[in-house]
Amino acid sequence: MVNPALTVLDGSNAVNSGLSFVFDAGQDVRFESLSWTRFDGDEVLRMDMDIQGHDSGAATVRNCRFLGNGARQIIRARVPRLELVDNLIAGNTLAGPERAAVLGDSHSNFNAFAIITNNTIANNSGAPGLMLRWDESSDRVGEIANNIIWGNGTPDIDLSAFNHANTALILSSNVYASVSNPGPLASNNLVANPLFVNAGAGNYALSPSSPAVNSGVGFQLYGTPSVDLVGNQRIIG
């Protein structure tokens, strides 16, 4: 795993700073092992895809760090398949309409779905940590699993605009304070303080007494990263 601290994208607090991408239909794009800091605009990272009648495109954000930004959304995506895996999104300030640390929009009936696993989305002020707005029907199964989503605006996970009747969603083995409209909810989610080592100093590793330690499941529908945010093995034994 490449250390994201080695590649830093710094917006220098410039007004209206951020990165916005519109991809052709069917593309598989990836942002990996990057640190994003001091952006100040509508979105830090926006990803849109022109679907044009098929659902093979995907946007993946993996092993990235989003720290100390100001925006309506830190990540906003309108793509057939959204994958957020093993990211740290923390200490950002959210303001303005449609605000959320992560906002995923379904904008077609071409089997859109989201895979949001093994992320820490914490201490983002002013809005939910994760918001999914999904109304159209999809034959795919989405998954929100093994995340820590804590200390954000209320609720930490906002699914109030997610239509569970149209799209299946697995919500399991997460640690959070609150969730709206969860749908069928697995019993292994925890409503508990994750006890970070020192969030005030930017250390979002878990303390030895954290209830989140060894609380996740070893199987995820779309695979499990081999290491955690600080490079430790996720599954031992």
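The values are calculated or read from the model by the stated rules, or taken from the named source; none is laboratory data. Everything numeric here is computed off the predicted structure, so don't read it as measured data. Methodologically, a virtual Cβ is constructed for each residue, glycine included, from the backbone with ideal geometry; neighbour enumeration extends over all protein chains shown.
Taken as a whole, the condition of being touching a residue at least 60 places away in the same chain (Cβ under 8 Å), buried (at least 23 other Cβ atoms within 10 Å of the Cβ) and over 21 Å from residue 34 (Cα atoms) applies to residue 145. The strands (runs of 3 or more DSSP E) falling completely within the stretch 160-237 that include 1 or more residues that are at pLDDT 90 or above and surrounded by fewer than 13 Cβ atoms within 10 Å (Cβ to Cβ) map to 196-198, 203-206. Among the residues making up the stretch 75-92, those that are in contact (Cβ under 8 Å) with a residue 60 or more places away in the chain and either among the aliphatic types (A, V, I, L, M) or not in a strand (DSSP E or B) (or both) are 85, 86, 88, 90, 91. Annotation note: Cβ proximity below 6 Å between a residue of the stretch 53-74 that is acidic (Asp, Glu) and a residue that is buried (at least 21 other Cβ atoms within 10 Å of the Cβ) (sequence gap 6+ or interchain) occurs for 55/80.
Scanning the stretch 87-103 for residues that are at pLDDT 95 or above and buried (at least 21 other Cβ atoms within 10 Å of the Cβ) yields 87, 88, 89, 90, 92, 94, 100, 101, 102. Considering the stretch 1-36, the residues that are aromatic (Phe, Trp, Tyr) and out of contact with any Cys (no Cβ under 8 Å at 6 or more places or on another chain) include one that is modelled with the lowest pLDDT, namely 23. For residue 136, indicate whether it is closer than 18 Å to residue 45 by Cβ and either without any contact (Cβ under 8 Å) to a residue 12 or more places away in the chain or surrounded by fewer than 24 Cβ atoms within 10 Å (Cβ to Cβ) (or both). Taking the combined requirement at face value, the residue does not satisfy it.
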